[in-house]
1. Per the Kirkwood formula on distinct C-alpha pairs, the Rh of the range 34-84 is how many angstrom?
2. Measure of size requested: the Rg and Dmax of the chain, with Cα atoms as the atom set and Å as the unit; please supply both.
3. Sort D41, D10 so the one with the fewest other Cβ atoms within 10 Å of its own Cβ comes first.
4. Stokes-Einstein diffusion coefficient for the range 4-45 at 20 °C in a medium of 1.002 mPa s, Rh from the Kirkwood formula over Cα pairs: what value in µm²/s?
Amino acid sequence: MFLRAEMDYDLPEFGSILKIVILPSTKVFFYIKKFITVENDNHFHAFQVRLELNPDITLIEQDQLATYLPAHTVRPFESGSSCIYVAPRFAICSA
């Protein structure tokens, strides 16, 4: 599952959830592996993402997220396609 980590050049940056950490103080953190957003694909209504060779692994607090809803990834049904798309449930804006 993916979370929107932040916005970069009008495109959202996503990260895959590696671990969820809940502290006794009821703070929730996510360890995420960041993906690079390539483009917004209007045909699939999703964002094409790719993983770099040495991806950033970061800790993000739940309060820093614009939304708490995770997104799933989808792949086109094409022979040999390595594209990964993140399909949010609603429109993502920069605010």
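1. Numbers: mean 1/r = 0.0764 Å⁻¹.
Evaluated over the range 34-84, this radius sits at 13.1 Å.
2. Gyration radius and largest Cα-Cα distance of the chain: 13.7, 48 Å.
3. Numbers: D41 14, D10 9.
Least to most surrounded, the residues fall as D10, D41.
4. Numbers: Rh = 12.1 Å.
Here the translational diffusion coefficient equals 177 µm²/s.
Every number here is computed from the coordinates shown, using simple stated rules; none is lab data. All figures in this text were calculated on a predicted structure; none of them were measured in a lab. FYI the Cβ positions are ideal-geometry reconstructions off the backbone, even for glycines, and counts take in every protein chain you see.
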